[in-house]
Amino acid sequence: MSNTLKEIAISLSTKQSHYVNHLTEESPILDNMRFEPSTHGLWNAYEEVASIDGPAFIDINQPLPEMKVDSNLKKIDLSILGGEIFLPEDKGSVVGVAEYFDKKTNVLLKQAGQTAEKKIIYDNFLPYAIGNGKAVSALGTENCYSMVAVRFIEGEVTGLYSDKAAHSHGIMDCTSLNGGLLYKNSNGLLGYGVRIKGYIGVQLANPDAVSAIVNITPDKIPTAEQVDNMLIDAKATPASTYIFCHPKVLSFLNKYKGNVLQTANAEMDVNRSFAAWNGIRFITSYNFKNGAEEAVTLA
């Protein structure tokens, strides 16, 4: 069963909910993605459907046709999101060890969420759309933006987390090093440390669920037809599909306002969703590069 990270965290503990709130505070894509437990802890096994012979209409008193689903068994590893923070002994005696780590952990979790979201955008969604021939160019040549449509499908297009690790340590494990006691770091300095670690991943197993428009610039804005086709390529449905982009890309599309671009309303109940294109909701994120993407050459 898929849930958001916040829903998973709430089911674990109040402390985990606090951690995930900071993790997703400035990462709206991560905040709204659905996540499922991986099949084997730190990796996930899944089937990618290759072909389907389904039901067919037949005449009365005729044998039913044979049905089959051919699929390829695949495996994806989760990634580790985390790091360590060190507080020198003398500084700790002045600022307070617990207070210091509480403040710094919140900031670091926020940064971790931004790092994870950038990886999801640029190492997962966009390459998958481009590699499957589901991307078109707005014909910009430099200082570009992009936008991507993603239809989340349970078991196919989804975020992943380690259920075993989550129930042992939570979605994000914030643990004091050396039991919270003094220790020497790699430079031989005495102090205190905290480790932050989580295991998450992204599974993309349906090429008809992710599409994109690349090479967008202020003077090369996607046409309405290109946006429509991007949604068709992802087989977009209002219930399961989002358009992800930088806020500036949404502002570029304001010229279509009142036609296919509608202002969102509270009934949509999606965090940081500002508008919709024919019912498909936008989620804008500053974790997209701000006019700093290189132009993509499409096959």
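The values are calculated or read from the model by the stated rules, or taken from the named source; none is laboratory data. Only a predicted model underlies this, so the values are computations on that prediction, with no experimental measurement involved. Please note: Cβ atoms are built from the backbone with ideal geometry, for glycine as well, and neighbour counts cover all protein chains shown. Note: accessible area is taken over every heavy atom of the protein model, side chains too, but ligands, DNA and RNA are not part of it. Shrake-Rupley method; radii C 1.70, N 1.55, O 1.52, S 1.80 Å.
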Considering only the range 233-251, how many residues are within 21 Å of Cys144 (Cβ to Cβ), at pLDDT 95 or above and among the hydrophobic types (A, V, I, L, M, F, W, C)?
5
Taking into account only those residues within the range 10-59 that are small (Gly, Ala, Ser) and either touching a Pro at 6+ places or on another chain (Cβ under 7 Å) or closer than 20 Å to Ile121 by Cα (or both), which is least open to solvent (accessible area, probe 1.4 Å)?
Ser27
Confirm whether Lys103 is open to solvent by 30 Å² or more (accessible area, probe 1.4 Å) and more than 30 Å from Val227 (Cβ to Cβ).
yes
Which condition number in (1) touching a residue at least 24 places away in the same chain (Cβ under 8 Å); (2) open to solvent by 20 Å² or more (accessible area, probe 1.4 Å); (3) within 22 Å of Asp208 (Cα to Cα); (4) touching an Asp or Glu at 6+ places or on another chain (Cβ under 7 Å) is the one that Lys68 fails?
(1)
Of the criteria (1) of a type in the set (Ser, Thr, Tyr); (2) within 18 Å of His246 (Cβ to Cβ); (3) open to solvent by 40 Å² or more (accessible area, probe 1.4 Å), which one Ser79 fails:
(2)
Given the conditions (1) more than 26 Å from the chain's Cα centre (by Cα); (2) touching a residue at least 24 places away in the same chain (Cβ under 8 Å); (3) open to solvent by 30 Å² or more (accessible area, probe 1.4 Å), report the number of the one that Lys184 does not fulfil.
(2)
